[in-house]
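Below is one structure; the comments refer to it alone.
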Amino acid sequence: MEVKEEERRCYGESDRQRQEWVSLELPLGDTAESFDLESVVCSHGLFMMAPNRWDPLSKTLFRPLQLTLFPTSDSDSVMVCVSQPQDRPRCLHLRVHAGTRSLTLENEEALLAQVSRMLRLSEYDDRVAREFRELYGEEEEEGSVVGRVFRSPTLFEDMVKCMLLCNCQWPRTLSMAEALCDLQLELRLKSLLAGKAQDFTPKTPAGREVEPKKKLRNSKASKCLAAQFTVETKAELEPHSNNISMVEVQLTSQDLSPSSLLSVPKDNGLCEQLCSADLDLLCDPQLSRDTGFDRIGNFPTPTELAKLDENFLAKRCKLGYRAGRIVRLAQGIVEGRIQLRQLEETCMERSLSSYSKLAEKLRRIDGFGPFTCANVLICMGYYHVIPTDSETIRHLKQVHARESTIRTMETDVQKIYAKYAPFQFLAYWSEMWSFYEKRFGKLSEMPCSAYKLITASNMRTNPRKQNKRKKTG
């Protein structure tokens, strides 16, 4: 594996802070002929969930990643930018914002392994993608068949995000994931200042979920909703200004929110207390221009979440009943009752037998019902079971003209997609994704501010008309 390092000098607010960037190359090998980063990343709604950020203009994936494969509460994260250079399409380019750190070989291997997991670059995933395309190819629509489903860098993040998919609409799922990443940043900064996070209760008030001011009305069913995003797309993705407005404030241990730390001048004495690379993630204008992030928090680790009070977590991140389940999941992992490595080793077989074993183990975890289990197992590489919910009923009605109900939808999907075994989910999801793009336009080109518009009400073929009844009496 070829590894190249380069240093680039960037200048912050004080024009004194030196930044180091490290470039890594991840060869694609035999899969290079069919691999397209844009199609693979933008193949599932997980790419829209924080801390992932896809830039439609540069076709680059941005997100923080851990420097170790098995992080603890004091493990460092670095911002990683993943792209597929046009002049070198047979490899992926990772640009790592290392700050003042020196990356070890172990760090580099950990970063490459996490990117490989997200993009499913294993031999097994290569074979699945190839076999699925051969099976499904006759009905292929341009851009709809990938054979790889984007996932998270860790199984724990996949498990929590699958829990966030249950019993709520997509806008709230996105808000909950973003709130968890904001919380992780606060936890990390408190840990850097105080040397311990276990006594931390962030003072930042719970963020308010912002809903669209007006429901998107579709006067013509054939009109692409994406057309309504074009005006804000340019502003959303425009590079940030070189200047950052800094307002000097008095910081105490009581005020450690990311917004407060963003207002600290880089030559303030607080910089000496923090690891300079971590503060640069907040204040470096060059990084902000390159990534579009104003605040950067990674997804919380089990160690970070296991220490939290579930009532605080529920209120802080608006998780509702999910907070207790997430805390207990994290505690089970930290205490060794839930062995993630063992679960991933079991799935290496990819057989019906191993699927049954994994499903049984997952169902023992609080909060892992059939829908969540099926989604987690898809993330682990099993595609013969389709998670069904109200969105499945909508899809069967609109695409297959089936009058499906909660009672019949599982039987219906088995009949429709049986011919694609053992890749039933991939066929179902390719149809679903294609339908989304017919309605909203190419999702990889959608600005992140529009992600919350992908809701059930905006998926109807014939939007319900408002009931304009005259008031009486």
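The values are calculated or read from the model by the stated rules, or taken from the named source; none is laboratory data. Model, not experiment: these values are computed from the prediction. Every residue, glycine among them, receives a Cβ derived from its backbone with ideal geometry; neighbour counts consider all protein chains shown. Surface areas here come from the heavy atoms of the whole protein model, side chains and all, with no ligands, DNA or RNA. Shrake-Rupley method; radii C 1.70, N 1.55, O 1.52, S 1.80 Å.
Condition (residue is in contact with a Lys or Arg (Cβ under 9 Å, 6 or more places away or on another chain) and either assigned to a loop (DSSP other than H, G, I, E, B) or modelled with pLDDT under 95 (or both)) applied to segment 110-120: is it met by at least one residue?
yes
Out of all the residues in segment 358-373, which are in a loop (DSSP other than H, G, I, E, B) and either of a type in the set (Phe, Trp, Tyr) or in contact (Cβ under 8 Å) with a residue 24 or more places away in the chain (or both)?
Scanning segment 358-373 gives 365, 366, 367, 368, 369.
Anything in segment 377-410 that is surrounded by 17 or more Cβ atoms within 10 Å (Cβ to Cβ), part of a helix (DSSP H, G or I) and polar (S, T, N, Q)? List them, or say none.
Result: 392, single match.
Taking only segment 59-87 into account, find how many residues are over 23 Å from residue 149 (Cβ atoms) and in contact (Cβ under 8 Å) with a residue 24 or more places away in the chain.
Number satisfying all stated conditions: 11.
Could you check segment 413-432 and list, in sequence order, the residues that are open to solvent by less than 20 Å² (accessible area, probe 1.4 Å) and part of a helix (DSSP H, G or I)?
As a first pass, look at segment 413-432 and keep what is open to solvent by less than 20 Å² (accessible area, probe 1.4 Å): 413, 417, 420, 423, 425-428, 430, 432.
Within segment 413-432, 413, 417, 420, 425, 426, 427, 428, 430, 432 meet the criteria.
Pick from segment 450-460 the residues that are open to solvent by less than 60 Å² (accessible area, probe 1.4 Å) and assigned to a loop (DSSP other than H, G, I, E, B): which of them is modelled with the highest pLDDT?
The initial filter retains those residues of segment 450-460 that are open to solvent by less than 60 Å² (accessible area, probe 1.4 Å), namely 450-459.
Filter once more, keeping what is assigned to a loop (DSSP other than H, G, I, E, B): 454-455, 459.
Details: 454: 91, 455: 87, 459: 81.
Across segment 450-460, the extreme among qualifying residues is 454.
This table checks each residue for (1) part of a helix (DSSP H, G or I); (2) open to solvent by less than 30 Å² (accessible area, probe 1.4 Å); (3) modelled with pLDDT of 95 or more.
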residue: 305; (1), (2), (3): yes, yes, yes
residue: 316; (1), (2), (3): yes, yes, yes
residue: 332; (1), (2), (3): yes, yes, yes
residue: 348; (1), (2), (3): no, no, no
residue: 356; (1), (2), (3): yes, no, no
residue: 375; (1), (2), (3): yes, yes, yes
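Please tell me if residue 436 is modelled with pLDDT of 95 or more and of a type in the set (Phe, Trp, Tyr).
Values: modelled with pLDDT of 95 or more: no; of a type in the set (Phe, Trp, Tyr): yes.
Criteria not met by residue 436.
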